């Protein structure tokens, strides 16, 4: 059985719910990526946008799990203004995965492909699978989650479970 770690950041709880659902399906350990100085409200939202668009990497609280001890590390991020979230950027810069890696994201409607490309660059490797979940699909994502889990358990080449982007969506999770 493959030892799996799911690491994620979540501002609103959407990415957290997906991480927890994946952890149950994969019998995986979970570690939340937490920033040192979180900000809420409109100022926090604006800071998230600025950090994400500028490619900044905020300081993080220490992780509870060592990713090098796992066969597979699944990294989850909300998409902030068509970009990987800045806390996930920080985590990937500090913890480039040594083994297999997979990515998932939650989003208002688009930006998953761009976030995954950035995550692959930061990880220094291509993911074995990706899953992008728009906010409007989160309530009925079981089929997509199950397909993603099957992909993670297989040894087949990477293939994306990316959904087509919604042209009007700006930000999520």
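The values are calculated or read from the model by the stated rules, or taken from the named source; none is laboratory data. Please read all numbers here as calculations on a predicted model, not as lab measurements. Here the Cβ positions follow ideal geometry from the backbone for every residue, glycine too, while neighbour counts run over all protein chains shown.
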Practice task
Say whether the condition of being without any contact (Cβ under 8 Å) to a residue 40 or more places away in the chain and in contact with a strand residue (DSSP E or B) (Cβ under 7 Å, 6 or more places away or on another chain) is met by at least one residue in segment 66-80.
Solution key: no
Handout entry: Selected residue (only one of 104, 116 is farther than 15 Å from residue 16 by Cβ and either modelled with pLDDT of 95 or more or over 12 Å from the mean Cα position of the chain (by Cα) (or both))
Key = 116
Handout entry: Residue in segment 87-97 that is modelled with pLDDT of 95 or more, farther than 27 Å from residue 39 by Cβ and either within 12 Å of the chain's Cα centre (by Cα) or surrounded by fewer than 21 Cβ atoms within 10 Å (Cβ to Cβ) (or both) present
Key = no
Exercise for the section: Would you be able to say whether some residue in segment 148-166 is at pLDDT below 90, surrounded by 21 or more Cβ atoms within 10 Å (Cβ to Cβ) and outside any strand (DSSP E or B)? Expected result: no
Problem - Residue among 34, 24, 61 that alone is surrounded by fewer than 20 Cβ atoms within 10 Å (Cβ to Cβ), out of contact with any helix residue (DSSP H, G or I) (no Cβ under 8 Å at 6 or more places or on another chain) and under 25 Å from residue 121 (Cα atoms) - result: 61
Problem - Filter pass, residue 38 being in contact with a strand residue (DSSP E or B) (Cβ under 9 Å, 6 or more places away or on another chain) and modelled with pLDDT under 80 - result: no
